[in-house]
Amino acid sequence: MSRRLYTLFLCLAMLFPNIAKAQDFNIFAKQRVVIADIIDMNDRPLSDAIKSVVRTNIIEECTNSDDFEVYEVNMDDIRQQIIADGQTPSFANICKAIGSSADYINFTSIKASASTIGSRNVTIFITCSLYRIGTASEILVHSEEAEPNSEAISAATSNLVAKLIGTKPKTSARKYKAYVIDARVRR
């Protein structure tokens, strides 16, 4: 009986690495990231569609990574709760309100090179700042440039978040820009 048990144990021990690999076994827990507001830094507001593309790509990059996951928080509710408690909605108080529910918070800002009426040739600048919630300190900041269309903004955002969290981006902005150049030459 002990020989059969020993054989069974050896078989399981040999299969465990393959089972763990098939199930994406990771010894560390995923780090939870709160995606804060997308901050529009322009005099003339950008469309909600651009902000939505940026937010969606940030969420996708974090979700597709092995080490991070998105922790959804309603920032307006947190601010209202802080105000109701008689405090100012400062960054430190927001971090205290989120507490140990998440590990990081990502603030993203978008700025166009020009925002006057009639501006057509603009460049979109996207900046992401990653803060550790426990210490309320900025740990990384990166920026990317994009043409003012959804594909370029999507690619730039993917590259930007990949830099922040140390992964490979799902889309390459260089491939897209090369495609745009080729499309313009053919016309």
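The values are calculated or read from the model by the stated rules, or taken from the named source; none is laboratory data. Since the structure is predicted, the reported quantities are computational estimates derived from the model, not experimental observations. Please note: Cβ atoms are built from the backbone with ideal geometry, for glycine as well, and neighbour counts cover all protein chains shown. Heads up: the accessible areas ignore ligands, DNA and RNA and are worked out on the full protein's heavy atoms, side chains in. Shrake-Rupley method; radii C 1.70, N 1.55, O 1.52, S 1.80 Å.
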Restricting attention to the stretch 36-83, and to residues there that are open to solvent by less than 80 Å² (accessible area, probe 1.4 Å) and more than 21 Å from the chain's Cα centre (by Cα), which single residue is farthest from ALA146 (Cα to Cα)?
ILE82
Test: ALA97 is more than 24 Å from ALA156 (Cβ to Cβ), crowded, with 17+ Cβ neighbours inside 10 Å and of a type in the set (A, V, I, L, M):
yes
Could you pull out the residue among ILE117, ILE124, ILE110 that is touching a Lys or Arg at 6+ places or on another chain (Cβ under 8 Å), exposed (fewer than 13 other Cβ atoms within 10 Å of the Cβ) and touching a residue at least 24 places away in the same chain (Cβ under 8 Å)?
ILE117
